[in-house]
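Asker: Take this structure, written in structure tokens, and hold onto it; I'll ask about it next.
The values are calculated or read from the model by the stated rules, or taken from the named source; none is laboratory data. Predicted model, so just to flag it, every value in this text is computed and none were measured. Every residue, glycine as well, gets a Cβ built from its backbone with ideal geometry; the counts of neighbours run over all protein chains shown. For accessibility, only protein heavy atoms count, side chains too; no ligands or nucleic acids. Shrake-Rupley method; radii C 1.70, N 1.55, O 1.52, S 1.80 Å.
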Amino acid sequence: MPKYLSQEWLDASRAMSDDQPERPGASCRLNLVVSGSPTGEVSAYWVIENGRIRESGLGSRDDGEVTLTATWPDAVRVADGELDINAAFMQGKVKAAGNMAKLMALLPLTSTPECRDLQERVRAITEF
């Protein structure tokens, strides 16, 4: 079972997302920086094109359009479904910098049935 935010986990979750429907305009190069993980600070990125994850990896992209930051406990709560990502933003648990229009185009997708199903499938293979 891949550990959350490991390259193995990023690869597995990206492969699992291949069945997501195309969402024109929902495109972004997204960086995530998580502080306080068991191994220190962790950075990961995703390239999302029309609602589909095309690339993901450890580290940050220099051409990232949005950077999200969170603590390890809050990132895990979002990933394991305990904390909704939209609520996490409103509560200041996840902070965003960069192109907010790009982020706003992505956030509604997190509530779609297809995305919720994907989140459940990813949780099932994740070691937190």
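Asker: Give Leu10, Leu58 a once-over and let me know the one that is modelled with pLDDT of 95 or more, out of contact with any His (no Cβ under 7 Å at 6 or more places or on another chain) and buried (at least 19 other Cβ atoms within 10 Å of the Cβ). Show your work before the answer.
Answerer: Working: Leu58 fails: buried (at least 19 other Cβ atoms within 10 Å of the Cβ).
Unique residue meeting the criteria: Leu10.
Asker: Is it the case that Leu83 is among the aliphatic types (A, V, I, L, M), in contact (Cβ under 8 Å) with a residue 60 or more places away in the chain, in contact with a helix residue (DSSP H, G or I) (Cβ under 7 Å, 6 or more places away or on another chain) and farther than 17 Å from Ala12 by Cα?
Answerer: Details: among the aliphatic types (A, V, I, L, M): yes; in contact (Cβ under 8 Å) with a residue 60 or more places away in the chain: no; in contact with a helix residue (DSSP H, G or I) (Cβ under 7 Å, 6 or more places away or on another chain): yes; farther than 17 Å from Ala12 by Cα: yes.
Against the criterion (among the aliphatic types (A, V, I, L, M), in contact (Cβ under 8 Å) with a residue 60 or more places away in the chain, in contact with a helix residue (DSSP H, G or I) (Cβ under 7 Å, 6 or more places away or on another chain) and farther than 17 Å from Ala12 by Cα), Leu83 does not qualify.
Asker: If you don't mind, another one. On the basis of being of a type in the set (Val, Ile, Thr), closer than 24 Å to Ile125 by Cα and modelled with pLDDT of 95 or more, does Val78 make the cut? Please lay out each step first, then the result.
Answerer: On the way: of a type in the set (Val, Ile, Thr): yes; closer than 24 Å to Ile125 by Cα: yes; modelled with pLDDT of 95 or more: yes.
Spelling it out, Val78 is indeed of a type in the set (Val, Ile, Thr), closer than 24 Å to Ile125 by Cα and modelled with pLDDT of 95 or more.
Asker: Can you name every residue in the range 16-33 that is open to solvent by 60 Å² or more (accessible area, probe 1.4 Å) and either assigned to a helix (DSSP H, G or I) or in contact with a strand residue (DSSP E or B) (Cβ under 7 Å, 6 or more places away or on another chain) (or both)? Write out each step before concluding.
Answerer: Quick first cut of the range 16-33, residues open to solvent by 60 Å² or more (accessible area, probe 1.4 Å) only: 18-19, 22-24, 29.
Selection gives Asp18, Asp19, Glu22, Arg29.
Asker: Here's a follow-up. So, in the range 34-51, exactly how many residues are open to solvent by less than 50 Å² (accessible area, probe 1.4 Å), in contact (Cβ under 8 Å) with a residue 24 or more places away in the chain and out of contact with any strand residue (DSSP E or B) (no Cβ under 8 Å at 6 or more places or on another chain)?
Answerer: The total comes to 2.
Asker: I'd like the full set of residues that are assigned to a strand (DSSP E or B), open to solvent by 40 Å² or more (accessible area, probe 1.4 Å) and either free of Cβ contacts under 8 Å to residues at least 12 places away in the same chain or more than 15 Å from Lys102 (Cα to Cα) (or both), limited to the range 61-72. Don't jump to the end; show me each part of the working.
Answerer: Going residue by residue through the range 61-72, those that are assigned to a strand (DSSP E or B) are 66-71.
Add one more test, that the residue is open to solvent by 40 Å² or more (accessible area, probe 1.4 Å), and what stays is 67, 69, 71.
Across the range 61-72, the qualifying residues are Thr69, Thr71.
Asker: Let me ask something additional. What's the number of the only condition in (1) at pLDDT below 95; (2) touching a Ser or Thr at 6+ places or on another chain (Cβ under 9 Å); (3) of a type in the set (A, V, I, L, M, F, W, C) that Trp72 fails to meet?
Answerer: (1)
Asker: Pick from Asp62, Asp84: which is out of contact with any Lys or Arg (no Cβ under 9 Å at 6 or more places or on another chain), among the charged types (D, E, K, R) and closer than 18 Å to Leu109 by Cα? I'd like the intermediate steps shown before the answer.
Answerer: Details: Asp62 fails: closer than 18 Å to Leu109 by Cα.
Going through Asp62, Asp84 in turn, the sole match is Asp84.
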